[in-house]
Every structure is written in C-alpha cells, then in structure tokens.
1. Quick one: would you say Ser473 is open to solvent by 10 Å² or more (accessible area, probe 1.4 Å), assigned to a helix (DSSP H, G or I) and of a type in the set (Gly, Ala, Ser)?
2. Residue by residue through segment 83-100, note down the ones that are surrounded by 22 or more Cβ atoms within 10 Å (Cβ to Cβ) and either part of a helix (DSSP H, G or I) or aromatic (Phe, Trp, Tyr) (or both).
3. Taking Ala166, is it small (Gly, Ala, Ser) and buried (at least 21 other Cβ atoms within 10 Å of the Cβ)?
4. Which condition from (1) at pLDDT below 80; (2) part of a helix (DSSP H, G or I) is the one that Gln201 breaks?
5. Any residue in segment 325-347 that's farther than 14 Å from Val456 by Cβ: show its pairings with residues that are open to solvent by less than 30 Å² (accessible area, probe 1.4 Å) and not hydrophobic (A, V, I, L, M, F, W, C) at Cβ separation under 6 Å, as long as the two are six or more apart or on different chains.
6. Please go through (1) under 25 Å from Ala372 (Cα atoms); (2) open to solvent by 50 Å² or more (accessible area, probe 1.4 Å) for Leu141 and return the number of the only condition it doesn't satisfy.
7. Would you check which residues across segment 483-501 are closer than 18 Å to Trp91 by Cα and assigned to a helix (DSSP H, G or I) and list them?
8. Applying the selection to segment 335-370, what residues are surrounded by fewer than 22 Cβ atoms within 10 Å (Cβ to Cβ), over 17 Å from Ser499 (Cβ atoms) and aliphatic (A, V, I, L, M)?
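The values are calculated or read from the model by the stated rules, or taken from the named source; none is laboratory data. Being a predicted model, the structure only gives us computed values, none of them experimental. Neighbour counts are summed over all protein chains in view; Cβ atoms, including those assigned to glycine, are modelled from backbone coordinates with ideal geometry. Just the protein is used for accessible areas: all its heavy atoms, side chains included, with ligands, DNA and RNA removed. Shrake-Rupley method; radii C 1.70, N 1.55, O 1.52, S 1.80 Å.
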Amino acid sequence: MASSLSCGAVSSSISLVGISSSNNLSQGREERREESEEHFMEEKQLLLGESSQQSAIDPSLLRRMYVGHFLSRWGARMWEFSVALYMINIWPDSLLFTAIYGVVEAASTTLFGPVVGTWIEKIAYKQVLRMWLLIRSLSFLAAGGAVTALLVYFGPASHKSVPFVALLVITNISGAISVLSTLAGTILIERDWVVVISNGQPPEVLVRMNSIIRRIDLICKLFAPVLTGFIISFVSLVASAVILALWNILSVWLEYWLWITVYNGFPALSENRQSRKIEVFSNDSLGARILELTNISKEGTLEQERTNWKRKITERLSKLLSFDAWIVYFNQDVVLPGVALALLYFSVLSFGTLMTATLEWKGIPAYVIGIARGISAIIGIMATVVYPIVHSRISTLRTGLWSIWTQWCFLLACLASIWINNSITSAWMLMGGVAASRLGLWMFDLGVMQLMQDQVSEADRCIVGGVQSSLQSMLDLLTCIMGMVVSDPRDFGQLVILSFIIVSSAAILYTFHCYRVRNHLLHLDKILAKINWLVNSL
C-alpha cells in the first residue's frame with residue numbers, strides 16, 4: 001500500500017517562558033493571533049489579485065518534483081519487494097523471519113509516526129530534506145550489507161549463532177529506520193508541499209497533482225519488483241541486495257538537488273513555513289501549560305515544586321508518546337474515513353511480505369511474483385487515471401464509497417481460492433483477486449487523502465498525516481503479528497479469511513460515515529425514475 005497513511009502541534013518559544021502574568025500571556029496571544037490574521041489576509045489578497053496565478057506554476061519545477069519522487073520511491077519499492085524473499089531464503093519453510101521484520105518495521109512507524117510529523121513541523125524544510133535523504137541512504141546501505149552477509153556466509157543451520165542474530169538485528173533495525181525516513185519524505189511532499197503549491201489554484205490542480213504522485217509511486221511498484229524479480233531469478237539474491245544499496249547511495253545526490261530546486265522555485269513554501277509557526281503557537285495548549293508551570297515554580301513552596309516536577313514528567317511523556325497528536329486526529333471530521341483506510345492495512349490481501357513469501361513457498365518463481373505485482377501496479381495506475389474522471393462527476397465522498405465496495409467485490413476471488421485444492425491454481429486466483437482489487441483500493445486511498453486535504457486545517461495537516469501513518473502501521477503490525485502466530489504457510493488461508501472480514505468492516509465503517517454526512521446512500525428517486533423510464537420505453 002500504499003498508506004498513507006503529518007506536523008507537530010508542540011512548538012514553544014523560549015523567550016515566552018519567562019512571562020509570569022496571565023494577562024500578559026493573553027495579550028501576547030491576541031497580538032500574535034492578530035498578526036497571523038493580518039498576514040493571511042495579505043497573502044489572500046495577493047493571491048486573489050494575481051489572475052495569472054495558475055500560469056505562475058512552472059511546469060519544469062513540477063517535473064523536477066515528480067522525478068525526485070520517482071527516485072525516492074524506486075529504492076523503497078525495491079526493498080519492499082525484496083525483503084520478503086531475503087527472509088524466506090534465510091529460513092525456508094517458515095514465515096517467522098518475514099513476520100518478525102514486519103513487526104519491527106510496523107512497530108517503529110506506529111510509535112514514531114506522530115513524532116516524525118512533529119519533527120517535520122519544528123525544523124526548517126532544508127534540514128528535513130538533508131536528514132531524510134542522508135538517514136534513508138545510510139540505513140538502506142546498512143540493511144543491504146547485512147542481508148548480503150547473511151546470504152553469503154550463513155545458512156539455515158546458523159540461526160542460533162551470535163553473528164547471525166546480530167546481522168538479523170541490523171537488517172531489521174536498518175529497515176525500520178529507512179521506512180521512517182521514507183515516511184518523513186512522504187509526509188513532507190504528499191501531505192504538505194502539494195497543498196501549498198496548489199494553494200490559490202482551481203481544485204482540479206490538487207486532484208491532478210495527487211493523481212500524478214500516486215501514479216509515479218505505482219509505476220515504481222510496477223517496474224521495481226519486475227526488475228528485482230528478474231535479477232533474483234536469473235542472477236542471484238546477493239546481486240539484488242548489492243544493487244539496492246548502490247542505488248540509494250548514488251541517487252541521493254540527484255534527489256537532493258531536485259528537491260532543493262523545487263523548494264527555491266516556490267517561495268510559497270518558505271512563506272507558508274513562517275506564517276504557520278505563528279499560528280501553531282497561538283493554538284498551542286502545551287505551551288500554555290509550560291508557562292503555567294513556570295509561574296507555579298516561582299511561588300517557591302516545596303509542594304508546588306513537587307507538583308511542578310510531576311507535571312513536567314507528564315508533559316515529557318506526553319511529548320514522547322504524542323498524546324496531543326492523537327487527540328487532534330480523533331477530533332477531525334474525517335476520522336472515520338481515516339480509520340477505514342487504516343483497517344485496509346490489517347490484511348494479507350496485498351503483495352506484501354507475507355503473501356510474497358507464501359507464494360515463493362508455493363513454488364511461484366520470483367520473476368512471476370514480480371510480474372504479478374507489476375500487473376497489480378498497472379491496475380493501480382489505471383485507478384489514478386479513472387479517479388479524476390469519476391471525481392469530476394460525483395463528489396469525493398461518493399467516489400470513496402464506490403471504490404471501497406469495488407475492492408471488496410474483487411477480493412471475493414481471494415476468499416474462494418482457499419477452497420481450491422490445486423496449490424498453483426489457488427495461488428493464481430489469489431494473485432488475480434488481489435491485483436484486480438487494486439483498482440478500488442487506490443481510488444479509495446486517493447479519495448480519503450483528498451478528504452483530509454480539504455477538511456483538515458493547515459495547522460493540523462501534518463499532525464493528522466503523521467497519526468494516520470502511525471495508525472496504518474499499527475494495523476500493519478497486527479498483520480505481522482498474525483503472521484508470527486500463524487507462521488506455517490499451509491495455514492495462510494486462515495489469514496485470508498480474517499483479512500476479508502477486516503476489509504468488509506472497513507467498507508461498512510466508511511458507508512456509515514457517508515450516511516452520517518449525506519443522510520442517504522443512494523438517490524432512490526433518480527433510480528426509480530430511470531427504472532420507470534426503461535419500463536415505459538419497453
């Protein structure tokens with residue numbers, strides 16, 4: 001998957017901590033709120049006064065942004081496909097190592113997803129770019145090197161040796177770090193930059209940019225596994241691991257140049273950054289609590305000092321676990337669509353690590369799995385083409401409704417594959433059902449992302465994106481835990497049944513949200529009128 005599935009609400013200023021009067025605090029907040037409103041009104045007037053705003057978006061800068069996104073997603077898709085094959089070859093006949101890796105990766109995103117969103121908001125965009133690209137490249141290099149050593153120097157009999165365990169730990173941790181760094185780039189570009197760049201444009205501009213970015217991701221999902229599958233099948237697993245590490249080291253310099261060019265080419269990115277810092281503090285409840293603690297500490301009593309320390313500990317724990325971010329997320333109007341999208345990650349019905357390893361165990365060659373995954377990506381690309389067309393005729397909300405039930409219908413083939421006795425036929429039915437369901441899945445993903453972009457305020461946009469990614473990873477974590485509990489590939493059908501139930505629950509949840517918003521699901525009067533017209537015409 002995609003996911004999808006974010007900027008911090010905690011931004012306190014050191015110079016304000018010394019304010020001891022609540023009246024001064026209120027006055028300061030009012031002044032900042034007025035300054036923020038004046039800034040936004042000036043910016044709005046400027047945008048309204050420029051009738052040629054749309055032409056001001058340089059197509060060459062957009063192309064550079066798209067190329068940078070392609071380079072970033074290609075390496076991530078190579079690793080996402082390869083890691084399952086590495087793990088099933090390190091320990092054949094078991095999904096345990098594959099599931100353990102998935103648990104580590106998903107747990108890291110679950111715990112630190114909101115933190116990543118908060119971190120992006122607190123530092124400059126240039127620093128985010130540098131740290132994102134540097135950490136991602138180094139982590140992929142470490143993971144590729146550790147996997148290469150495991151495949152070359154160790155076999156199934158070495159599972160209990162200290163060097164084997166150490167290399168396995170390095171692979172898992174490095175993979176988790178690379179995913180977190182990739183998440184930072186996803187939040188920065190897909191959740192923030194595209195919205196800022198399209199600000200002041202017709203709504204179709206944002207829809208088109210979202211579709212192109214998702215299409216690029218799916219193109220990488222199409223060709224990266226196919227190429228990697230051929231390398232694994234006709235060269236070696238070791239060669240694929242070495243190529244993965246080299247790709248991420250060599251491409252990082254071009255990526256950085258592309259992203260910096262885009263940043264410098266759109267002044268709205270830096271201007272938006274400055275204005276948001278003021279607005280975030282004006283709504284920062286945690287900053288008010290810190291000021292309150294400062295005032296209390298100056299009163300000097302021992303009991304108050306102890307209370308002050310307890311509150312400080314509570315606040316630090318709250319920062320670490322990002323409680324405020326989760327509260328912001330669950331107060332959004334689009335929380336139910338977000339939860340429905342996240343539930344789709346609690347499933348083995350995708351070309352993820354568990355299903356890929358199971359197909360390998362069933363005797364499906366790596367290049368065939370790569371081609372099947374490529375076909376799945378082609379169908380996903382078709383979804384990015386169909387989505388703007390459907391969106392132009394019906395609302396975003398209804399597009400999501402039709403999309404998720406389309407996915408559900410195609411997954412019926414996966415459910416039926418459980419009762420097919422022939423292993424190869426069952427595997428082909430499973431791959432076919434999953435591939436076809438991507439049409440509805442990616443349209444639903446785009447629909448939910450559009451709802452969040454339209455209905456989440458600018459100050460909360462990155463927070464919500466980070467928590468959404470964290471929630472998706474939390475449910476992906478549960479999927480990997482299921483793989484650890486049911487680690488025998490022969491019992492994969494049990495996971496398919498559970499996954500189908502979860503997808504059904506997500507569809508019902510989103511349907512409930514649509515009914516709550518629109519008070520109806522179908523235009524029965526129009527449907528009946530068309531039926532009557534057909535009957536009368538006959």
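1. Answer is yes for this residue.
2. Correct list: Val83, Ala84, Leu85, Tyr86, Met87, Ile88, Ile90, Phe97, Thr98, Ala99.
3. Taking the combined requirement at face value, the residue does not satisfy it.
4. It is condition (2) that Gln201 fails.
5. Ala340/Tyr510; Ala342/Gln472; Tyr345/Gln472; Phe346/Thr479; Ser347/Ser499
6. Of the numbered conditions (1) under 25 Å from Ala372 (Cα atoms); (2) open to solvent by 50 Å² or more (accessible area, probe 1.4 Å), the odd one out for Leu141 is (1).
7. Result: Gly483, Met484, Val485, Pro489, Arg490, Asp491, Phe492.
8. Those that are surrounded by fewer than 22 Cβ atoms within 10 Å (Cβ to Cβ), over 17 Å from Ser499 (Cβ atoms) and aliphatic (A, V, I, L, M): Val335, Leu336, Ile364, Val368.
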